[in-house]
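Each remark here refers to the structure printed beneath this line.
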Amino acid sequence: MTRILLTGAGGFIGSAVLAALRARPETGVIRAVARSAAPPGTVRVAADLTDPATLRGAADGADVLVHLAAAVSGDEDACAAVNVLGTRALLAEAARAGVGRIVHLSTTAVYGPGPHRGIDVDGVTPAPVSAASRTRLIGERAALDAGAVVLRAPLVLGAGDRWVVPCLAELTRRVPARWDGGAALLSLVAVEDLARLVAGLALGPERPPSGVHHAGHPEPVRSGALLDALAEHGVLPPTPGQDWPWERCLAELRRVPGAFSERQFALLAQDHWYRSTEIWRSTGTDPGPGPLHRLAAAAPWYRDHLARTDATATERSSEGVAKAASG
């Protein structure tokens, strides 16, 4: 029975990985690094990645470290506290405890703004533009030095996704057209398939390949096909029939204010796909039918989440109007 130390177990990807690990008979005790309560099915390790001293002894008795936790927002110092200093301290504990296998999750955002068209690992020089992706790239180096397999995940879809589809929901309202023909190719992965890959790397009988690997589904998806599939499942309204060229899309985005930036729009509306076949093939892991096929199961969660988000936004807007009227 393989004993696992897991970070990020309560997050979007981490909760799916936890379920995938629990589904495998060779999984032993799962110890979850957590500041407060640990998820069901785990034993809590009371520690905080932003306080390296609390990690002392965290890896004792573990056979495998699965490091999924990351700061994905905040300034440079806040991101570095988790993604660099916390990661280094955790890996040092793993080395001290003799942990034999490490799986480390990163992101294709380390490549920067793109467009990127079918690149292999480091087919372009990484050029991250946010504090989160800059510090995650530095964290990758520490993981590689520790002998880890590093997975750069692309856009991840599924129940619990609070970025990709919510971003698309706003962007389709601000830019109501088919963006540049809907032809952009995107690397996507369903969270449950990514979780199976992580579990396979953690528990497989063969030592996993070291180095960096892209962890998207091997087949990229057209942006227009993604929007059509979301409309088919009632998550987003159908895309209007007009086809706007890229410059008009940008002009409309700039005209209509919103929470998401031009860079985030480009990530979803221009080519960002990365060759990902190798890690699935080398580990003998079935990548599954593809992220669009998984949307039916996730659609109820997305519909509920977007409805609650819209209701909250409407309530805040009403409160603002009331305050302005009373003032």
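The values are calculated or read from the model by the stated rules, or taken from the named source; none is laboratory data. Note that the coordinates shown come from a computational prediction; the quantities given were computed from them, not determined experimentally. We place every Cβ from the backbone using ideal geometry, glycine too, and count neighbours over all the protein chains shown. Note: accessible area is taken over every heavy atom of the protein model, side chains too, but ligands, DNA and RNA are not part of it. Shrake-Rupley method; radii C 1.70, N 1.55, O 1.52, S 1.80 Å.
Please work out if Asp120 is within 19 Å of His217 (Cβ to Cβ), among the acidic types (Asp, Glu), touching a residue at least 40 places away in the same chain (Cβ under 8 Å) and open to solvent by 40 Å² or more (accessible area, probe 1.4 Å).
Values: within 19 Å of His217 (Cβ to Cβ): yes; among the acidic types (Asp, Glu): yes; touching a residue at least 40 places away in the same chain (Cβ under 8 Å): yes; open to solvent by 40 Å² or more (accessible area, probe 1.4 Å): yes.
Judged against the criteria, Asp120 is a match.
Residues checked against (1) in contact with a Gly (Cβ under 6 Å, 6 or more places away or on another chain); (2) open to solvent by 60 Å² or more (accessible area, probe 1.4 Å); (3) modelled with pLDDT of 95 or more:
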position: Trp280; (1), (2), (3): no, no, yes
position: Pro291; (1), (2), (3): no, no, yes
position: Arg294; (1), (2), (3): no, yes, yes
position: Ala298; (1), (2), (3): yes, no, yes
position: His305; (1), (2), (3): no, no, yes
position: Asp310; (1), (2), (3): no, yes, no
position: Arg316; (1), (2), (3): no, yes, no
position: Val321; (1), (2), (3): no, yes, no
position: Gly327; (1), (2), (3): no, yes, no
Report yes if some residue within region 126-135 is surrounded by 21 or more Cβ atoms within 10 Å (Cβ to Cβ), hydrophobic (A, V, I, L, M, F, W, C) and in a strand (DSSP E or B); otherwise report no. no
Count - residues of region 138-153 that are open to solvent by less than 50 Å² (accessible area, probe 1.4 Å) and within 19 Å of the chain's Cα centre (by Cα): 9
Test for Ala94: is it within 28 Å of Ala190 (Cα to Cα) and either in contact (Cβ under 8 Å) with a residue 60 or more places away in the chain or open to solvent by less than 70 Å² (accessible area, probe 1.4 Å) (or both): no
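Residues Val175, Val124: which one is among the β-branched types (Val, Ile, Thr) and more than 14 Å from Tyr274 (Cα to Cα)? Steps first, answer last, please.
Values: Val124 fails: more than 14 Å from Tyr274 (Cα to Cα).
Being among the β-branched types (Val, Ile, Thr) and more than 14 Å from Tyr274 (Cα to Cα) holds for just one of Val175, Val124, which is Val175.
Are any of the residues in region 182-199 over 26 Å from Thr27 (Cα atoms), touching a residue at least 24 places away in the same chain (Cβ under 8 Å), open to solvent by 50 Å² or more (accessible area, probe 1.4 Å) and not hydroxyl-bearing (Ser, Thr, Tyr)? Step through it out loud before you land on a result.
We begin by selecting, within region 182-199, every residue over 26 Å from Thr27 (Cα atoms); these are 182-188.
Checking the rest, the ones that are also touching a residue at least 24 places away in the same chain (Cβ under 8 Å) come to 182-188.
Checking the rest, the ones that are also open to solvent by 50 Å² or more (accessible area, probe 1.4 Å) come to none.
Scanning region 182-199, I find no residue that is over 26 Å from Thr27 (Cα atoms), touching a residue at least 24 places away in the same chain (Cβ under 8 Å), open to solvent by 50 Å² or more (accessible area, probe 1.4 Å) and not hydroxyl-bearing (Ser, Thr, Tyr), so the answer is no.
Checking the condition more than 30 Å from Ala177 (Cα to Cα) and either open to solvent by less than 10 Å² (accessible area, probe 1.4 Å) or of a type outside the set (Asp, Glu) (or both), which residue from His214, His233 passes? Full working, then the answer.
Details: His233 fails: more than 30 Å from Ala177 (Cα to Cα).
The match here is His214.
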For region 154-179, give me the residue count where each residue is surrounded by 20 or more Cβ atoms within 10 Å (Cβ to Cβ), among the hydrophobic types (A, V, I, L, M, F, W, C) and part of a loop (DSSP other than H, G, I, E, B). 1
Sort out which residues of region 1-58 are of a type outside the set (D, E, K, R), touching a residue at least 60 places away in the same chain (Cβ under 8 Å) and in a strand (DSSP E or B), and write them in order of number. Thr2, Ile4, Leu5, Leu6, Thr7, Thr27
Checklist (1) surrounded by 13 or more Cβ atoms within 10 Å (Cβ to Cβ); (2) touching a strand residue (DSSP E or B) at 6+ places or on another chain (Cβ under 9 Å); (3) of a type in the set (Lys, Arg) applied to Arg207, failing item: (1)
When region 71-83 is examined, which residues are found to be in a loop (DSSP other than H, G, I, E, B) and either open to solvent by less than 20 Å² (accessible area, probe 1.4 Å) or within 25 Å of Gly98 (Cβ to Cβ) (or both)? Ala71
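Considering Val29, Val99, Val64, which residue is modelled with pLDDT of 95 or more, open to solvent by 60 Å² or more (accessible area, probe 1.4 Å), more than 12 Å from Gly8 (Cβ to Cβ) and in contact with a strand residue (DSSP E or B) (Cβ under 9 Å, 6 or more places away or on another chain)?
Details: Val99 fails: open to solvent by 60 Å² or more (accessible area, probe 1.4 Å); Val64 fails: open to solvent by 60 Å² or more (accessible area, probe 1.4 Å).
Matching residue, one of Val29, Val99, Val64: Val29.
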Number of the exception - Ala169 against (1) more than 24 Å from Pro126 (Cα to Cα); (2) touching a Lys or Arg at 6+ places or on another chain (Cβ under 8 Å): (2)
Residues that are touching a helix residue (DSSP H, G or I) at 6+ places or on another chain (Cβ under 8 Å), open to solvent by less than 30 Å² (accessible area, probe 1.4 Å) and either more than 17 Å from Gly181 (Cα to Cα) or at pLDDT below 95 (or both): does region 263-278 have at least one? yes
